[in-house]
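Structure first, commentary second.
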Amino acid sequence: MGRWLALIYVAGVIAACGDDGGTSAADAASISDAHISVDAAPVCIRPPGAADAVRKVVIAHPYDDAGMQYGGYEVYELSGDGQIASTGVTFEMHRAFDGVIAFTPDGKLGFASQDDGTVGIFRINGDRRVDVLDAAYDGEGDDNFYATSVVMGAGGSIAYVLNSQWRENGGGIYALRINCDDTITYLGAVAAAKLPYGLHLLAGDSRAVVIADDVLDSATGGVHLLSWGDSPGVLATADLFSDDQAIIAGTAVTADGHYVLAGDNSQFSGVDNRVAVASIAGDTLTAIQVLTPIEDPIAIVTSPDNDAALVVSGLGDALFELDYAPTNTTTPFSMVGELSYSGAGPQLPAGAVLIDRGGLRGRVVIAENTGIRQVQFESGAITDLGATSTGSGLGAIVGAIGVQP
(Lines give C-alpha, C1' and ligand atoms only; values in the text may rest on other atoms or scores of the structure.)
Protein backbone atom coordinates (compact mmCIF):
# COMPACT_ATOMS: atom_id res chain seq x y z
CA MET A 1 0.00 0.00 0.00
CA GLY A 2 1.16 3.59 -0.51
CA ARG A 3 3.11 5.66 1.93
CA TRP A 4 0.76 6.10 4.11
CA LEU A 5 -6.31 8.52 3.41
CA ALA A 6 -25.35 21.25 3.71
CA LEU A 7 -26.75 23.05 1.34
CA ILE A 8 -27.77 23.23 4.94
CA TYR A 9 -31.49 23.59 4.80
CA VAL A 10 -32.19 26.78 6.70
CA ALA A 11 -35.61 27.36 8.23
CA GLY A 12 -35.77 31.10 8.42
CA VAL A 13 -33.14 33.77 8.09
CA ILE A 14 -29.43 32.97 7.78
CA ALA A 15 -27.74 34.85 10.57
CA ALA A 16 -24.60 36.81 9.78
CA CYS A 17 -21.58 36.00 11.90
CA GLY A 18 -19.97 39.42 11.89
CA ASP A 19 -16.23 39.70 12.35
CA ASP A 20 -15.92 35.99 13.11
CA GLY A 21 -16.00 34.98 9.45
CA GLY A 22 -19.74 34.96 8.79
CA THR A 23 -21.68 36.45 5.94
CA SER A 24 -25.13 37.70 5.02
CA ALA A 25 -28.00 35.69 3.63
CA ALA A 26 -27.41 37.21 0.20
CA ASP A 27 -23.77 36.21 0.19
CA ALA A 28 -24.58 32.77 1.54
CA ALA A 29 -26.88 32.06 -1.37
CA SER A 30 -23.88 31.77 -3.69
CA ILE A 31 -21.47 29.89 -1.43
CA SER A 32 -23.67 27.83 0.89
CA ASP A 33 -22.77 24.30 1.93
CA ALA A 34 -24.92 21.42 0.71
CA HIS A 35 -25.96 18.85 3.23
CA ILE A 36 -28.89 17.71 5.29
CA SER A 37 -31.80 19.21 7.15
CA VAL A 38 -30.75 20.60 10.51
CA ASP A 39 -32.26 22.94 13.05
CA ALA A 40 -32.47 26.71 12.58
CA ALA A 41 -29.16 27.51 14.26
CA PRO A 42 -27.18 30.34 12.61
CA VAL A 43 -25.19 29.28 9.56
CA CYS A 44 -21.62 30.54 9.60
CA ILE A 45 -20.31 31.01 6.08
CA ARG A 46 -16.57 31.76 6.03
CA PRO A 47 -15.53 33.66 2.89
CA PRO A 48 -11.91 33.33 1.74
CA GLY A 49 -9.41 35.96 2.75
CA ALA A 50 -7.09 37.88 0.45
CA ALA A 51 -6.01 35.69 -2.47
CA ASP A 52 -2.34 36.66 -2.16
CA ALA A 53 -1.98 36.72 1.62
CA VAL A 54 0.81 34.71 3.22
CA ARG A 55 -0.56 31.20 3.66
CA LYS A 56 0.09 28.89 6.59
CA VAL A 57 1.25 25.39 5.69
CA VAL A 58 0.65 22.92 8.52
CA ILE A 59 2.47 19.59 8.57
CA ALA A 60 2.23 16.69 10.97
CA HIS A 61 5.32 15.04 12.41
CA PRO A 62 4.34 11.40 13.09
CA TYR A 63 7.63 10.56 14.84
CA ASP A 64 9.67 12.27 17.52
CA ASP A 65 13.45 12.50 17.39
CA ALA A 66 13.76 9.11 19.07
CA GLY A 67 11.56 7.45 16.47
CA MET A 68 8.58 7.01 18.75
CA GLN A 69 5.08 7.62 17.39
CA TYR A 70 4.13 11.24 17.96
CA GLY A 71 1.26 13.68 17.47
CA GLY A 72 3.33 16.72 16.62
CA TYR A 73 2.42 19.49 14.17
CA GLU A 74 4.47 22.38 12.81
CA VAL A 75 3.47 25.61 11.07
CA TYR A 76 5.27 26.92 8.00
CA GLU A 77 4.50 30.00 5.91
CA LEU A 78 4.14 30.17 2.13
CA SER A 79 4.77 33.67 0.81
CA GLY A 80 3.11 35.22 -2.22
CA ASP A 81 6.20 34.47 -4.29
CA GLY A 82 6.25 30.81 -3.27
CA GLN A 83 8.90 30.79 -0.55
CA ILE A 84 8.33 28.32 2.29
CA ALA A 85 9.84 28.86 5.75
CA SER A 86 9.17 27.51 9.22
CA THR A 87 7.56 29.87 11.74
CA GLY A 88 8.92 27.87 14.67
CA VAL A 89 5.33 27.36 15.88
CA THR A 90 4.52 23.80 16.94
CA PHE A 91 1.58 22.14 18.66
CA GLU A 92 0.38 18.66 19.58
CA MET A 93 -2.77 16.69 18.89
CA HIS A 94 -2.83 13.00 17.91
CA ARG A 95 -0.69 11.27 15.31
CA ALA A 96 -1.44 11.91 11.62
CA PHE A 97 0.83 9.68 9.54
CA ASP A 98 -0.51 10.84 6.17
CA GLY A 99 -3.37 12.56 4.39
CA VAL A 100 -4.51 16.14 3.83
CA ILE A 101 -5.53 18.61 6.53
CA ALA A 102 -8.77 20.39 5.56
CA PHE A 103 -9.16 24.13 6.21
CA THR A 104 -12.23 26.33 6.33
CA PRO A 105 -12.26 28.76 3.36
CA ASP A 106 -11.07 31.63 5.56
CA GLY A 107 -8.08 29.52 6.61
CA LYS A 108 -8.92 29.90 10.28
CA LEU A 109 -9.81 26.34 11.33
CA GLY A 110 -7.97 23.15 10.41
CA PHE A 111 -9.26 19.56 10.58
CA ALA A 112 -6.82 16.62 10.54
CA SER A 113 -7.91 12.99 10.33
CA GLN A 114 -5.64 11.08 12.69
CA ASP A 115 -4.36 7.53 12.96
CA ASP A 116 -6.70 6.61 15.83
CA GLY A 117 -9.79 7.64 13.86
CA THR A 118 -10.21 10.99 15.59
CA VAL A 119 -10.23 14.45 14.03
CA GLY A 120 -7.82 17.00 15.45
CA ILE A 121 -9.31 20.51 15.27
CA PHE A 122 -7.19 23.65 15.62
CA ARG A 123 -7.45 27.40 15.04
CA ILE A 124 -4.78 29.64 13.53
CA ASN A 125 -4.77 33.15 14.96
CA GLY A 126 -3.47 36.31 13.35
CA ASP A 127 -0.50 36.45 15.73
CA ARG A 128 0.70 33.00 14.52
CA ARG A 129 -0.57 31.41 17.72
CA VAL A 130 -2.37 28.09 17.31
CA ASP A 131 -5.21 27.02 19.59
CA VAL A 132 -6.00 23.31 19.77
CA LEU A 133 -9.80 23.28 19.96
CA ASP A 134 -10.11 19.50 20.21
CA ALA A 135 -7.10 17.20 19.98
CA ALA A 136 -9.21 14.11 19.29
CA TYR A 137 -12.83 14.69 18.25
CA ASP A 138 -14.83 11.58 17.29
CA GLY A 139 -18.49 12.54 17.53
CA GLU A 140 -20.73 12.51 20.54
CA GLY A 141 -21.25 9.73 23.09
CA ASP A 142 -21.78 6.34 21.47
CA ASP A 143 -22.62 7.97 18.14
CA ASN A 144 -19.15 8.39 16.73
CA PHE A 145 -17.00 7.73 13.69
CA TYR A 146 -13.54 6.49 12.75
CA ALA A 147 -12.18 9.24 10.53
CA THR A 148 -9.98 8.48 7.54
CA SER A 149 -10.29 11.87 5.80
CA VAL A 150 -12.09 15.20 6.11
CA VAL A 151 -13.64 17.19 3.24
CA MET A 152 -14.64 20.82 3.70
CA GLY A 153 -17.91 22.18 2.31
CA ALA A 154 -17.52 25.18 0.01
CA GLY A 155 -18.91 27.70 2.48
CA GLY A 156 -17.03 26.38 5.49
CA SER A 157 -20.09 25.76 7.65
CA ILE A 158 -19.95 21.97 7.25
CA ALA A 159 -17.06 19.51 7.39
CA TYR A 160 -17.63 15.98 6.11
CA VAL A 161 -15.83 13.06 7.74
CA LEU A 162 -15.24 9.88 5.75
CA ASN A 163 -15.08 6.58 7.62
CA SER A 164 -13.53 4.26 5.02
CA GLN A 165 -14.69 0.99 6.54
CA TRP A 166 -17.41 -1.55 5.74
CA ARG A 167 -20.98 -0.51 6.52
CA GLU A 168 -21.28 -2.88 9.48
CA ASN A 169 -18.25 -1.18 11.03
CA GLY A 170 -19.58 2.35 10.58
CA GLY A 171 -18.47 2.98 7.01
CA GLY A 172 -19.98 6.14 5.59
CA ILE A 173 -20.00 9.93 5.49
CA TYR A 174 -20.62 12.00 8.62
CA ALA A 175 -21.15 15.74 9.04
CA LEU A 176 -19.96 18.38 11.49
CA ARG A 177 -21.52 21.82 11.63
CA ILE A 178 -18.88 24.51 12.24
CA ASN A 179 -20.46 27.22 14.33
CA CYS A 180 -19.67 30.93 14.30
CA ASP A 181 -17.92 30.68 17.67
CA ASP A 182 -15.65 27.91 16.29
CA THR A 183 -17.42 25.18 18.23
CA ILE A 184 -18.60 21.99 16.54
CA THR A 185 -22.10 20.52 16.42
CA TYR A 186 -22.17 16.85 15.47
CA LEU A 187 -24.84 16.18 12.82
CA GLY A 188 -24.25 12.43 12.55
CA ALA A 189 -24.32 10.22 9.48
CA VAL A 190 -25.12 11.65 6.06
CA ALA A 191 -24.85 8.41 4.09
CA ALA A 192 -23.92 4.85 4.93
CA ALA A 193 -21.33 3.42 2.55
CA LYS A 194 -18.92 0.53 2.07
CA LEU A 195 -15.29 1.63 1.86
CA PRO A 196 -15.84 5.31 0.97
CA TYR A 197 -12.41 6.63 0.02
CA GLY A 198 -13.28 9.87 -1.74
CA LEU A 199 -15.88 12.65 -1.64
CA HIS A 200 -15.91 15.53 -4.11
CA LEU A 201 -18.56 18.24 -4.00
CA LEU A 202 -19.36 19.55 -7.47
CA ALA A 203 -19.90 23.23 -8.26
CA GLY A 204 -22.68 24.66 -6.16
CA ASP A 205 -22.58 21.63 -3.85
CA SER A 206 -25.87 20.36 -5.31
CA ARG A 207 -24.22 17.10 -6.42
CA ALA A 208 -21.41 15.00 -5.05
CA VAL A 209 -19.14 12.26 -6.34
CA VAL A 210 -18.42 9.44 -3.90
CA ILE A 211 -15.71 6.87 -4.60
CA ALA A 212 -16.82 3.76 -2.71
CA ASP A 213 -17.95 0.17 -3.24
CA ASP A 214 -21.49 1.34 -2.53
CA VAL A 215 -23.31 4.24 -0.90
CA LEU A 216 -26.89 4.64 0.32
CA ASP A 217 -28.99 2.27 -1.82
CA SER A 218 -26.64 2.23 -4.82
CA ALA A 219 -25.58 -0.76 -6.82
CA THR A 220 -22.07 -2.06 -6.23
CA GLY A 221 -19.50 -0.15 -8.25
CA GLY A 222 -16.51 2.08 -7.80
CA VAL A 223 -17.93 5.58 -8.18
CA HIS A 224 -21.32 7.13 -7.52
CA LEU A 225 -22.99 10.43 -8.39
CA LEU A 226 -25.32 11.75 -5.69
CA SER A 227 -27.77 14.59 -5.38
CA TRP A 228 -26.49 16.50 -2.36
CA GLY A 229 -29.28 18.35 -0.66
CA ASP A 230 -31.80 17.88 2.09
CA SER A 231 -31.97 14.13 1.39
CA PRO A 232 -28.93 12.87 -0.56
CA GLY A 233 -29.87 10.37 -3.27
CA VAL A 234 -28.07 8.18 -5.77
CA LEU A 235 -28.23 9.45 -9.36
CA ALA A 236 -25.80 7.05 -11.05
CA THR A 237 -23.17 4.38 -10.43
CA ALA A 238 -20.24 3.23 -12.59
CA ASP A 239 -17.84 0.30 -12.24
CA LEU A 240 -14.42 1.92 -12.41
CA PHE A 241 -12.10 -1.06 -12.72
CA SER A 242 -14.42 -3.90 -13.88
CA ASP A 243 -12.94 -6.12 -11.15
CA ASP A 244 -12.84 -6.26 -7.35
CA GLN A 245 -9.06 -6.09 -6.97
CA ALA A 246 -8.60 -2.35 -6.46
CA ILE A 247 -7.73 -0.60 -3.22
CA ILE A 248 -8.51 3.07 -3.74
CA ALA A 249 -5.78 5.62 -3.07
CA GLY A 250 -5.83 9.12 -4.57
CA THR A 251 -9.01 10.55 -6.10
CA ALA A 252 -9.82 13.78 -7.94
CA VAL A 253 -12.45 15.52 -10.06
CA THR A 254 -11.48 17.85 -12.89
CA ALA A 255 -12.06 21.56 -12.36
CA ASP A 256 -14.75 21.55 -15.06
CA GLY A 257 -16.58 18.75 -13.25
CA HIS A 258 -16.56 16.47 -16.31
CA TYR A 259 -14.34 13.62 -15.10
CA VAL A 260 -13.48 11.76 -11.92
CA LEU A 261 -10.15 9.94 -11.46
CA ALA A 262 -9.36 7.23 -8.92
CA GLY A 263 -6.07 5.47 -8.25
CA ASP A 264 -5.62 1.81 -7.29
CA ASN A 265 -2.55 1.06 -5.16
CA SER A 266 -3.25 -2.53 -4.11
CA GLN A 267 -0.04 -4.44 -3.44
CA PHE A 268 -1.78 -7.82 -3.20
CA SER A 269 -3.95 -8.21 -6.29
CA GLY A 270 -1.33 -9.21 -8.85
CA VAL A 271 -2.77 -6.48 -11.08
CA ASP A 272 -0.61 -3.48 -11.96
CA ASN A 273 -1.47 -0.29 -10.09
CA ARG A 274 -3.60 2.00 -12.23
CA VAL A 275 -5.77 5.11 -12.50
CA ALA A 276 -9.37 4.82 -13.69
CA VAL A 277 -11.41 7.61 -15.28
CA ALA A 278 -15.19 8.05 -15.41
CA SER A 279 -17.12 10.77 -17.21
CA ILE A 280 -19.77 12.90 -15.51
CA ALA A 281 -22.48 14.13 -17.90
CA GLY A 282 -25.56 15.60 -16.32
CA ASP A 283 -26.82 12.95 -13.93
CA THR A 284 -24.95 10.08 -15.57
CA LEU A 285 -21.62 8.37 -14.92
CA THR A 286 -19.66 6.27 -17.41
CA ALA A 287 -16.38 4.44 -16.83
CA ILE A 288 -14.29 5.18 -19.89
CA GLN A 289 -10.57 4.69 -19.31
CA VAL A 290 -7.86 2.96 -17.25
CA LEU A 291 -4.23 4.14 -17.35
CA THR A 292 -1.68 1.52 -16.29
CA PRO A 293 0.86 0.86 -14.91
CA ILE A 294 1.16 3.75 -12.47
CA GLU A 295 2.76 2.62 -9.23
CA ASP A 296 1.04 3.64 -5.98
CA PRO A 297 -1.05 6.62 -7.16
CA ILE A 298 -1.44 7.87 -3.59
CA ALA A 299 -2.62 11.36 -4.60
CA ILE A 300 -4.10 12.90 -7.74
CA VAL A 301 -4.48 16.63 -8.45
CA THR A 302 -6.07 18.19 -11.53
CA SER A 303 -5.18 21.52 -13.08
CA PRO A 304 -7.49 24.49 -12.44
CA ASP A 305 -7.15 25.24 -16.17
CA ASN A 306 -8.43 21.81 -17.28
CA ASP A 307 -5.34 20.80 -19.23
CA ALA A 308 -3.32 18.40 -17.06
CA ALA A 309 -3.30 16.18 -13.99
CA LEU A 310 -0.60 15.30 -11.48
CA VAL A 311 -0.27 11.77 -10.10
CA VAL A 312 1.86 11.35 -6.97
CA SER A 313 3.53 7.92 -6.83
CA GLY A 314 4.38 7.25 -3.19
CA LEU A 315 6.30 3.98 -3.38
CA GLY A 316 7.61 4.96 -6.81
CA ASP A 317 9.27 8.12 -5.43
CA ALA A 318 7.92 9.93 -8.48
CA LEU A 319 5.54 12.54 -9.85
CA PHE A 320 3.78 11.87 -13.15
CA GLU A 321 2.06 14.25 -15.55
CA LEU A 322 -1.11 13.34 -17.41
CA ASP A 323 -2.32 15.36 -20.37
CA TYR A 324 -6.02 16.27 -20.19
CA ALA A 325 -7.92 16.89 -23.42
CA PRO A 326 -11.50 17.74 -22.37
CA THR A 327 -12.92 17.40 -25.88
CA ASN A 328 -11.65 13.83 -26.24
CA THR A 329 -14.61 11.93 -24.83
CA THR A 330 -13.11 8.43 -25.17
CA THR A 331 -9.54 8.85 -23.86
CA PRO A 332 -9.35 12.33 -22.28
CA PHE A 333 -6.22 11.50 -20.26
CA SER A 334 -2.86 10.29 -21.54
CA MET A 335 0.49 9.72 -19.88
CA VAL A 336 3.09 12.42 -20.55
CA GLY A 337 5.68 10.93 -18.22
CA GLU A 338 7.65 11.60 -15.07
CA LEU A 339 8.47 15.20 -14.23
CA SER A 340 11.98 16.56 -14.55
CA TYR A 341 13.02 17.51 -11.03
CA SER A 342 14.67 20.62 -9.71
CA GLY A 343 17.40 19.14 -7.54
CA ALA A 344 16.86 15.77 -5.90
CA GLY A 345 13.74 13.83 -6.82
CA PRO A 346 10.93 13.19 -4.35
CA GLN A 347 11.27 10.68 -1.55
CA LEU A 348 8.07 8.96 -0.44
CA PRO A 349 5.76 11.76 -1.62
CA ALA A 350 2.20 11.60 -0.34
CA GLY A 351 -0.44 14.26 0.45
CA ALA A 352 -0.84 17.01 -2.16
CA VAL A 353 -2.79 20.28 -1.92
CA LEU A 354 -3.76 22.57 -4.82
CA ILE A 355 -3.88 26.37 -4.53
CA ASP A 356 -6.52 27.58 -6.97
CA ARG A 357 -6.59 31.37 -6.58
CA GLY A 358 -4.27 34.37 -6.46
CA GLY A 359 -0.76 34.64 -7.83
CA LEU A 360 -0.01 31.05 -6.80
CA ARG A 361 -2.99 29.64 -8.69
CA GLY A 362 -2.02 26.21 -10.01
CA ARG A 363 0.61 25.66 -7.31
CA VAL A 364 0.62 22.19 -5.67
CA VAL A 365 2.25 21.67 -2.28
CA ILE A 366 3.30 18.07 -1.59
CA ALA A 367 4.44 16.30 1.57
CA GLU A 368 7.44 14.04 1.24
CA ASN A 369 9.76 12.22 3.62
CA THR A 370 11.61 15.19 5.13
CA GLY A 371 10.51 17.99 2.86
CA ILE A 372 7.73 20.08 1.37
CA ARG A 373 7.81 20.07 -2.43
CA GLN A 374 6.13 22.51 -4.80
CA VAL A 375 5.11 21.99 -8.41
CA GLN A 376 3.28 24.37 -10.76
CA PHE A 377 0.60 23.75 -13.38
CA GLU A 378 1.31 26.12 -16.28
CA SER A 379 0.25 26.18 -19.92
CA GLY A 380 -0.66 22.51 -20.06
CA ALA A 381 2.55 21.37 -18.39
CA ILE A 382 3.74 20.75 -14.84
CA THR A 383 7.00 22.22 -13.55
CA ASP A 384 8.78 20.95 -10.47
CA LEU A 385 10.05 23.76 -8.23
CA GLY A 386 12.00 21.62 -5.80
CA ALA A 387 11.62 20.81 -2.12
CA THR A 388 12.14 22.76 1.09
CA SER A 389 13.81 20.63 3.75
CA THR A 390 12.02 20.14 7.06
CA GLY A 391 15.25 19.09 8.75
CA SER A 392 17.06 15.82 9.34
CA GLY A 393 16.36 12.88 11.57
CA LEU A 394 13.18 11.01 12.40
CA GLY A 395 11.53 14.05 13.97
CA ALA A 396 11.64 15.88 10.62
CA ILE A 397 9.52 13.28 8.79
CA VAL A 398 6.38 14.81 7.33
CA GLY A 399 2.98 13.16 7.70
CA ALA A 400 -0.28 14.92 6.90
CA ILE A 401 -0.16 18.31 5.20
CA GLY A 402 -2.56 21.23 4.78
CA VAL A 403 -2.41 24.68 3.18
CA GLN A 404 -4.69 27.62 3.87
CA PRO A 405 -6.88 28.27 0.79
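When only residues in the range 67-92 that are outside any strand (DSSP E or B) and either of a type outside the set (A, V, I, L, M) or modelled with pLDDT under 95 (or both) count, which is farthest from residue 179 (Cα to Cα)?
Ranking the candidates gives 67 first.
Tell me which strands (runs of 3 or more DSSP E) are completely within the range 96-156 and hold 3 or more residues being within 16 Å of the chain's Cα centre (by Cα), or say none if there are none.
By residue number, 109-113, 119-124, 149-152.
So which of 311, 290 ends up being of a type in the set (Val, Ile, Thr) and farther than 23 Å from residue 385 by Cβ?
Answer to the selection: 290.
Go through the range 201-223 and give me each residue that's of a type outside the set (Gly, Ala, Ser) and closer than 30 Å to residue 141 by Cβ.
201, 205, 210, 211, 213, 214, 215, 216, 217
Only residues in the range 78-98 that are more than 19 Å from residue 387 (Cβ to Cβ) and surrounded by 13 or more Cβ atoms within 10 Å (Cβ to Cβ) count as the first member; pair them with residues that are among the hydrophobic types (A, V, I, L, M, F, W, C) and at pLDDT below 95, Cβ under 6 angstrom, at least 6 apart or cross-chain, and list the lot.
97/4
Would you check which residues across the range 73-88 are touching a Phe, Trp or Tyr at 6+ places or on another chain (Cβ under 8 Å) and among the small types (Gly, Ala, Ser) and list them?
85, 86
Restricting the search to the range 99-117, which residues are more than 14 Å from residue 405 (Cα to Cα) and surrounded by 24 or more Cβ atoms within 10 Å (Cβ to Cβ)?
99, 112, 113, 114
Would you be able to say whether some residue in the range 153-162 is out of contact with any strand residue (DSSP E or B) (no Cβ under 6 Å at 6 or more places or on another chain) and among the aliphatic types (A, V, I, L, M)?
Checking the range 153-162: at least one residue is out of contact with any strand residue (DSSP E or B) (no Cβ under 6 Å at 6 or more places or on another chain) and among the aliphatic types (A, V, I, L, M).
Name every residue in the range 282-297 that is assigned to a strand (DSSP E or B) and buried (at least 24 other Cβ atoms within 10 Å of the Cβ), in order of residue number. Lay out the reasoning, then the answer.
Taking the range 282-297 and keeping what is assigned to a strand (DSSP E or B), we get 284-291, 297.
Across the range 282-297, the qualifying residue is only 297.
Could you list, in sequence order, all residues of the range 259-281 that are within 21 Å of residue 328 (Cβ to Cβ), of a type outside the set (D, E, K, R) and surrounded by 16 or more Cβ atoms within 10 Å (Cβ to Cβ)?
Those that are within 21 Å of residue 328 (Cβ to Cβ), of a type outside the set (D, E, K, R) and surrounded by 16 or more Cβ atoms within 10 Å (Cβ to Cβ): 259, 260, 261, 262, 263, 275, 276, 277, 278, 279, 280.
Return the only residue of 359, 395, 391, 380 being buried (at least 16 other Cβ atoms within 10 Å of the Cβ) and out of contact with any Cys (no Cβ under 6 Å at 6 or more places or on another chain). Explain how you work it out, then say what you get.
Working: 359 fails: buried (at least 16 other Cβ atoms within 10 Å of the Cβ); 391 fails: buried (at least 16 other Cβ atoms within 10 Å of the Cβ); 380 fails: buried (at least 16 other Cβ atoms within 10 Å of the Cβ).
Result of the check over 359, 395, 391, 380: 395.
May I ask you to list pairs of residues, at least six apart or on different chains, whose Cβ atoms are under 6 Å apart, with the first in the range 380-405 being among the acidic types (Asp, Glu) and the second being surrounded by fewer than 24 Cβ atoms within 10 Å (Cβ to Cβ) and not in a strand (DSSP E or B)?
384/339; 384/341; 384/342
Within the range 21-30, does at least one residue satisfy the condition of being surrounded by fewer than 21 Cβ atoms within 10 Å (Cβ to Cβ) and either at pLDDT 95 or above or outside any helix (DSSP H, G or I) (or both)?
Yes: the range 21-30 contains one or more residues that are surrounded by fewer than 21 Cβ atoms within 10 Å (Cβ to Cβ) and either at pLDDT 95 or above or outside any helix (DSSP H, G or I) (or both).
Filter the range 329-343 for residues that are of a type in the set (A, V, I, L, M) and within 14 Å of residue 374 (Cβ to Cβ) and give the result. Let's see the steps before the verdict.
Initial filter on the range 329-343 (of a type in the set (A, V, I, L, M)): 335-336, 339.
Matches in the range 329-343: 339 only.
The values are calculated or read from the model by the stated rules, or taken from the named source; none is laboratory data. All figures in this text were calculated on a predicted structure; none of them were measured in a lab. All Cβ positions, even for glycine, are placed from backbone atoms using ideal geometry, and neighbour counts span all protein chains on display.
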